[in-house]
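First comes the structure, then the notes that go with it.
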Amino acid sequence: MNLDTYAEKTWCPGCGNFAILESFKRAIASLIKEGVAKEKIVVVSDIGCNSKIVDYLDLNSFSALHGRAIASAEGIKLANPDLKVIVFIGDGGCYNEGISHFIHAAKRNIDITVLVLNNSNFALTTGQFTATSPYGFKGPSTPEGNIESPLNPLKLALASQATFIARGYALKIKHLENLIIQAINHQGFSFVDVLMPCLSFFDQTLFYNQNIYEIKEKNLTSQKEALKKIEEWDYNNLTENQKIPIGIFYKIQKPTYEERMK
Amino acid sequence: MAKLNNIFQNPKKDFSILIGGAAGEGSRASGIVIAKIFSELGYRVYIYQDYPSLIKGGHNFSQIRVSQKEVLAPTKKINFLLALDKRTIEGHKKELTKDGIILYNSDELTEKYQGIGIPIETITQEEKGLPIMKNSALVGALVKIMGIDWPVVEKVFQERFHQSASVNLKIAKRGFNAAPNLFKIKKTGQKALPLFTGNETLSLGAVAAGLDFYLSYPMTPATGILHFLSNNQKKFKIKVVQLENEIGIINAALGAAFAGARTMVGTSGGGFALMTEGISLASQSEIPIVIVESQRMSPATGVPTYNGQGDLLFTLTAGHGDIVKFVIAPGDAQEAYFWAGKILNLSWQYQTPAILLIDKLISESIFSFDQNIFGQVKYEAPLLWDKKGKYFRYQETKNGISPLAFPGEKNVVVKSNSYEHDEFGLTVEDKEKVEKMQNKRLKKFQAMRKEVEKLEAVKVYGKKTAKKAIITWGSTKGPTKEVAEKLGFKMIQPIVLEPFPAKQMKRALQGIEKIALIEMNGLSQMEKLLNCYGIKVAKKILKYDGQPFFPEEIEEKLKNF
């Protein structure tokens, strides 16, 4: 299935977004094969490198304002609950500019999928720190190093009552493809934090490759277990030996916002 | 009482009743009951609601103006004062006409006043009513004074109070028995009209034009729309949601409209400020959206429950970039109904943001509403895709309006873009493509300008041949119209403010030698808009203390005009 458009891809050579695009296209092709109607899929993008992705996909799309992709996605879903709505947003858009929408969408358990393409910096504005940049991160606005500690977005998602919480890694294409499929198939608010190195401003490839491991997914309905796993990594990169789990951390079934509206 | 009696004999005269007490004492509900009684008798009524930003205590009042003909403004002078507490008397007795009558709570107020004391608390206790029901005793007394037939009271109480009607009626009857009869008010012979706030009528207008979805974050004085539509969402077959903040509201609303739902949001100045990024997105992505901006006294938090018209220039310029949108400012509940429907249709026909600019006096005042207008608003179809060939969301057309299709339609890919884009909807940055899409939108703005001149965008009242004109807009229409008609001026009310109906305005101003401007802000913002079209104002009457304009004060200020 060809999901490409005629748009020229303008990501930096070797950018993790290419890998994510590949995982996503494979996931969508597989969902369409399983019977999801292509015309019912809507991708919603925010602003930033990550959000260029909608131009490269021959799918219904809504390019939103910075930080607002989740809010716009909610509107689309509420207007037509038959649609499968998937958000592409960066760490800056989701955890800085639009954090309130993330929290409330999770709390509502609205049936949308949020893929946060997390490179831990504002790349398209040349590398300033975001909410998930580690302590000490040096960027053009923090030449002496970031004096804030990073936010753990998975912990926030759990506290916000998201019903599907996962973490992926851009360079594990097959693993990410599978996460995306499960996230889209989940009835309710599904959230995947996708770690990705930014080759131009914050290349964490080595750090991620050394420390990331796939979790054995069991007992996904326990908040306590989920929290334990989530707290294995705090989004800092201060020590070289760091365990960074990826996979599904938490998954429960709860009535969705749209179901409760009826 | 001779002069008062004259009010009832002379059909041109009208009168005002003020009922007040602490917040939570029920004066507002009783104001509506009184207004309904007069409506039953064929009178036209207008209720001004005055309340501070608190829930219990303070001082609330309603002024009910009653007339044989349409009334759209409160008066400075009142003929009847119904006081639940001392603060109401002390605060309003100076507004009472010389022969006015005070009906007061004699359980609380032991002094002698110009009027009749009723032991409303004792009565309520003896009839085993709730404290809030004491209002009914005052209503009963008023009804007796005016010689209104008891069955009218019974009918209104039954409709208003349902289960508690019988206790309220007992209390009202005791008040009735305790007061003398001074006049005999007659039926007018006119049809009884229902009472609605402007928030309610604009909601009805939008529903008549096919509203599917309303989103809002509570903010006075627009909150009434959220409540009215929430309570009626099943009946109207619409969805209503409240989200985390106004930024969430506008961005979700644009998503909903993109998915095909006719969507409206409502707020006041502060919330509107947060929504402005969405106006720009709507214009760039060509997404229809109606924003109700009900002004209150600003800047900032301002005086939340009082009136102002200080958001005019902000509304006209809101949204970054080259944007033309519709800004429409109806002047009363009737116009709010009509224009809410019209603006929803317009926003879809032109795929553009559109602002219905009103204020507290339209939102929260209660008007006699002539339902004859119902037939005048209906769903008007937007330009839809003909399902032929490949779909281009931003297709180049003669007038710049591209056909609409929605996600979910077979064989269609709908791409909406906040970046500059090509006809399919993909991001572009090269100069030819950028300019091309800008030009497409400029063509559409030109079509919007033409459309406005086809609408009745400027209303003219008063003496049409007069050499002096008063220009006013929004709720100030009410008191100004009254004065213009009385003093023989022409009154011009621009309703569509953007695109500005320059041709219609020019026609309305033909033969006019001198212009006075009346509005409720300190910087005479409408004057600045008029100046853009070469219209010069000789006299300005501005009010910016949160209170409504009274016809008496406008008349006084126009004495030497």
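Per-residue mean of foreign Cβ neighbours for B:237-247 is 4 (Cβ atoms of other chains, 10 Å radius).
Using only side-chain charges placed at the Cβ, +1 for Lys and Arg and -1 for Asp and Glu, the dipole size of segment B:195-376 relative to its Cα centre rounds to 440 debye. Over all directions, average the projected area of the Cα convex hull of chain A and note it in nm². It is 13.0 nm².
Would segment B:2-178 count as rounded, prolate or oblate if I go by the C-alpha gyration tensor, calling it rounded below 1.5 in a/c and otherwise prolate when a/b exceeds b/c, oblate otherwise? Note, shape of segment B:2-178 comes out rounded. Of the residues A:Cys94, A:Cys49, the one with the fewest other Cβ atoms within 10 Å heads the list, and the complete ranking is A:Cys49, A:Cys94. Summary of packing: across the peptides B:419-429, A:112-122, A:250-260, B:489-499, the per-residue average of other C-beta atoms within 10 Å ranks them, highest first, as A:112-122, B:489-499, B:419-429, A:250-260. The alpha-carbon of B:Lys112 sits under 18 angstrom from the alpha-carbons of these lysines, leaving out residues fewer than 8 places away in its chain: B:Lys86, B:Lys93, B:Lys94, B:Lys98.
Decide, for chain B, between rounded, prolate and oblate: order the square roots of the alpha carbon gyration tensor eigenvalues as a ≥ b ≥ c, take rounded if a/c falls under 1.5, and otherwise choose prolate if a/b is larger than b/c, else oblate. Provide the component values of the computation, followed by the final result.
On the way: a/c = 2.42, a/b = 1.75, b/c = 1.39.
Note, shape of chain B comes out prolate.
Taking Cα centre as origin and charging only the Cβ of basic (Lys, Arg, +1) and acidic (Asp, Glu, -1) residues, the dipole magnitude of the protein assembly as shown rounds to 3020 debye. Only alpha carbons enter this Debye calculation for segment A:32-147, each as an equal point scatterer, and the log10 of I(q)/I(0) it gives at q = 0.22 Å⁻¹ is -1.14. Considering only A:Ser61, A:Thr130, A:Gly75, the residue lying farthest towards the positive end of the dipole of segment A:48-157 is A:Gly75, judged by Cα position with unit charges set on Cβ.
What list do you get for B:Trp473, A:Trp233 if you sort them by fewest beta carbons within 10 Å? Write down the numbers at each step before the final one.
Details: B:Trp473 26, A:Trp233 20.
Placing the least packed residue first, the sequence is A:Trp233, B:Trp473.
Counting every other Cβ atom within 10 Å of each residue's Cβ, A:His186, A:His101 order from fewest to most as A:His186, A:His101. Between A:Ile20, A:Ile89, A:Ile173, the Gaussian network model of chain A with springs among Cα atoms under 10 angstrom shows the greatest mean-square fluctuation at A:Ile173. Checking the cross-link pairs A:Lys155/A:Lys254; A:Lys40/B:Lys390; A:Lys9/A:Lys229; A:Lys40/B:Lys387 against a 26 Å limit on the alpha carbon distance flags A:Lys9/A:Lys229 as lying beyond it. Taking the C-alpha atoms only, the angle from helix B:477-487 to the longest principal axis of chain B is near 70 degrees.
Candidates B:Ser106, B:Met146, B:Ile32 compared by Cα position along the dipole of chain B: farthest toward the positive end lies B:Met146, with charges placed on Cβ. Between A:Tyr6 and A:Ser100, the modelled labels are 4.2 nm apart [label points 7 Å from Cα along Cα→Cβ].
Taking Cα atoms only, the orientation of helix B:134-145 departs from the longest principal axis of chain B by about 70 degrees. Within chain A, the whole DSSP H helices whose Cα atoms reach 20 Å or more along their own axis and whose mean Kyte-Doolittle score is at least -1.0 are A:16-33. Positive end of the dipole of segment B:458-557, charges at C-beta (+1 Lys, Arg; -1 Asp, Glu), about the Cα centre: which of B:Gly478, B:Pro551, B:Pro501 has its Cα farthest in that direction? Of the options given, the answer is B:Pro501.
At 222 nm, what value in deg cm²/dmol follows for chain A if DSSP H runs of at least 4 each add -39500 (n - 2.57) and the sum is divided by all its residues, to the nearest 500?
Values: 8 runs with 79 residues, N = 262.
About -9000 deg cm²/dmol.
Based solely on its DSSP helices, what 222 nm [θ] is calculated for chain B when runs of n ≥ 4 H residues each add -39,500 (n - 2.57) and the sum is averaged over all residues, nearest 500 deg cm²/dmol? It would help to have the intermediate numbers written out before the result.
Working: 20 runs with 212 residues, N = 561.
Result for chain B: -11500 deg cm²/dmol, rounded to the nearest 500.
Annotation: the antiparallel percentage among DSSP beta bridges lying fully within the protein assembly as shown is about 30. Averaged over the residues of B:400-407, the number of partner chain Cβ atoms lying within 10 Å of the residue Cβ comes to 3.
If you count, for every residue in A:4-12, the Cβ atoms of partner chains within 10 Å of its Cβ, what is the mean?
Numbers: counts 0, 5, 3, 5, 2, 0, 2, 0, 0.
For peptide A:4-12, the averaged partner shielding equals 2.
By the gyration tensor of its Cα atoms, with a ≥ b ≥ c the square roots of the eigenvalues, what is the shape of the protein assembly as shown: rounded for a/c under 1.5, prolate for a/b over b/c, or oblate? Judged from the Cα gyration tensor, the protein assembly as shown comes out prolate (a/c at least 1.5, a/b above b/c). Given the pairs B:Lys490/B:Lys559; B:Lys128/B:Lys170; B:Lys388/B:Lys410; A:Lys77/A:Lys172; B:Lys468/B:Lys539; B:Lys463/B:Lys514, which span a C-alpha to C-alpha distance of over 19 angstrom in this model? Violating the 19 Å limit, Cα to Cα: A:Lys77/A:Lys172.
FYI, it's all coordinate maths here, none of it is from the lab. Given the structure is predicted, the values throughout are model-derived calculations rather than measurements. With ideal geometry, Cβ positions are generated from the backbone for all residues, glycine too; neighbour counts draw on all protein chains shown.
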